[in-house]
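Novice: Before I ask anything, here is the structure I am working with.
Derivation of every value follows stated rules applied to the coordinates shown; laboratory data play no part. No experiment lies behind these values; they were computed from the predicted model shown. With ideal geometry, Cβ positions are generated from the backbone for all residues, glycine too; neighbour counts draw on all protein chains shown.
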Amino acid sequence: MQRKVKAIFFDIGGTLRVTHPEEGRDMSKIQALMSLIGEKSDPLDFVARVHKGEKAYRRWCKPNYIELSEAELWTRFLLPEYPAPFIRENAITINQFWRESKPKYVLPDMVETMRELSKRGYRLGLISNTTSSVEGYQLLEETGLTRLFSSVILSAEFGRRKPHPSLFIEAARRAGVRADECAYVGDRPSRDLIGARQSAYAEVVIINSAGYSPDEYDPDDYDPEKDTHLTLRPDHWIKRLSELLEIYKPIKTAAQENPQKESEYKLFDVALSTMWHVGQAASFNETFELVRTIGISRFEFNHQVTPQLLATFDCNRNYISTVHDPCPAPRDLRALKNDDILISSLNEARRGQAVDLVKRTLDLAVSLGSRSMVLHTGSLQCDRARDRRLRQMYEEGQRGSEEFCQLREEMIAHRAQYAPAHLDAVKRSIAEIITFAKGSGVNIGIENRYRYYDLPLPSEMQEILDLCHESWFGFQLDTGHAHALETLGLCEKGVWLQRFHNRIIGVHLHDVAGITDHQVPGRGDVDFTAVGRFIPPNCQRSLEISASATVQEISACLEYLEKCSCITSF
């Protein structure tokens, strides 16, 4: 059940304060900056040089959700040719000269609206992506609103950028409320709506102030296409801040409310795959609400999501951070595999059909504002009876027997005969997919597989990853698959981590009992502490566990995975 809103947090640029798009820079501020650092070049050339560095910084920081301090920003990206100690010492002043060269205007109804919302009992706060650690406080001081704002999260201070959920959770914590008691008001769905949704905020309001532009960066940084492609919708659209007064009626004053303890709400930085949701007794949408109670508020669509199931999904309430190809699945994955509708197919028509399914999956990921897509690279079309027999022998306790070892060696040799041609087909397919995916903003992770006759093995993975060295193309580590193949003696799991840890896009976390995967982490044989040492901080983590797990078991495994350094919490 959705809680009532007790706190309202605001973006700054484009929400509380704007610029006029036709206005140029105040060159007196630029000249003051140049005088401070001893720069003698033409002011317009200097502006162009700094702006180029700013663009490079944006390309670096946005995919990683990282914001640097003023000192790091100017020494590393904007004025790297200047003596670092001097720039660090004067970075805040330099940054303010630069930012103030673009005139900014507080929206005319901002002050009155904030005062009235506070009077009505709402706690107020700021959550803003900004390269300034001081402007947010200055804005409140200049407008006389400082005492009304109990929480100020500025990315330059905090070190993270929206839509990373940590900013939203910390803002709620500082205001003494739960995340699901908060509303967020911003202007950019791709960061404001998505950030609030995956942080379990109760409501999101998007403002469109006609005739203005956000004040954070120059106009060429504003990419409305990333917002128009989204199918997610906020709870409210407004054109003026004062319209909030029609939405948020008076409540009890903050003094009458009992502040929540920090320990009462914890959000885990991990998605839950719909592998768990499909097949539950509750309806598809109801299952998402079940796990929100244990601190999961983002999810991964897997290939069990059919077009019919997708049509019932409430994308405005639930954020899908990762989409697993093929999705939506027109047919059962096993049927597609049996019919060789795979990007590894040697039949060009079937391979083309599979590539089209990948493209459709990527389109879905873009429309949902997802960060990544998981991609299977297919399998070999040959007799797989050896694989089935080897697994049967393992279950019968014959691992290590002479017959088991002989069958395994036959299987390895048999696979080697068929792999090269199928790998070539995969590489042709991946080349098409890479071209299609460029500029989409979605990371693509190639997954290691559970079955030995599936592609890729480590050497094949290397050839695939060599097709593209962009940061958005890499490896999707599946902990259960890697462990199962090692248990059968077919591929050491450590090879995946040692060779490809620096290319990890995402991680599927699940345990293995014997060779049965998709178990609740902590209840099987996988050493998650060893895995945790290799997981990079900004990759997408997903729990990929079967529907048999209870909500209580999932909750316990979240705490376990955090202790193993596989996930973090806010």
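Novice: Work out the length of the dipole vector of segment 27-100 about its Cα centre, built from +1 on the beta-carbon of each Lys and Arg and -1 on the beta-carbon of each Asp and Glu, and round it to the nearest 20 debye.
Specialist: For segment 27-100, the charge dipole is close to 280 debye.
Novice: Take every DSSP beta bridge with both residues inside the chain and express the antiparallel ones as a percent of the total, to the nearest 5.
Specialist: 15
Novice: What is the distance, in nm, between label points placed 7 Å from the Cα along the Cα-to-Cβ direction at Ala48 and at Gln406?
Specialist: So the label points at Ala48 and Gln406 sit 7.6 nm apart.
Novice: Rank Ala549, Ile535, Gln462 by how far each Cα sits towards the positive end of the charge dipole of segment 450-570 (+1 on Lys, Arg Cβ; -1 on Asp, Glu Cβ) and give me just the farthest.
Specialist: Among Ala549, Ile535, Gln462, the one farthest towards the positive end of the dipole of segment 450-570 is Ile535.
Novice: While we're looking at this one, here's another question. Picking from Thr487, Val185, Gly524, whose Cα lies most toward the positive end of the charge dipole for the chain (charges on Cβ: Lys, Arg +1; Asp, Glu -1)?
Specialist: Toward the positive end, the furthest listed residue is Val185.
Novice: If you don't mind, another one. About the Cα centre of the chain, what is the dipole size in debye to 20, counting +1 per Lys and Arg Cβ and -1 per Asp and Glu Cβ, all else neutral?
Specialist: With Lys and Arg at +1 and Asp and Glu at -1, about 700 debye.
Novice: Among Cys61, Thr93, Ser41, whose Cα sits farthest toward the positive end of the charge dipole of segment 27-100 (+1 at Cβ of Lys/Arg, -1 at Cβ of Asp/Glu, about the Cα centre)?
Specialist: It is Cys61, whose Cα lies furthest towards the positive end.
Novice: Next question. At q = 0.15, 0.20, 0.25, 0.26 Å⁻¹, what log₁₀ I(q)/I(0) does segment 313-360 have when each alpha carbon counts as one equal point scatterer in the Debye sum?
Specialist: The Debye formula, applied to the Cα set alone, gives -0.45, -0.67, -0.89, -0.94.
Novice: Can you list the HN-Hα couplings for segment 440-453, worked out from phi with the Karplus curve (6.51, -1.76, 1.60; θ = phi - 60°), rounded to whole Hz and with x for Gly and Pro?
Specialist: With coefficients 6.51, -1.76 and 1.60, one gets 6, x, 9, 6, 10, x, 7, 8, 6, 10, 7, 9, 5, 7 Hz.
Novice: Would you mind putting 415-428, 42-55 in packing order, based on average other-beta-carbon counts within 10 Å, highest first?
Specialist: 415-428, 42-55
Novice: Output the pairs from Lys427/Lys493; Lys337/Lys359; Lys52/Lys162 with a Cα-Cα distance over 20 Å in this structure; if there are none, say none.
Specialist: Pairs exceeding the cut-off: Lys427/Lys493; Lys52/Lys162.
Novice: I've got another one for you. I need the Kirkwood Rh of the chain: take the reciprocal of the average 1/r across all distinct C-alpha pairs and report it in angstrom.
Specialist: 25.7
Novice: Obtain the radius of gyration and the Kirkwood radius of segment 475-560 from its C-alpha atoms and give Rg over Rh.
Specialist: With Rg and the Kirkwood Rh in hand, the quotient comes to 0.95.
Novice: Which whole-number percentage describes the relative contact order of the chain, with Cα contacts under 8 Å and a sequence gap of 6 or more?
Specialist: 12
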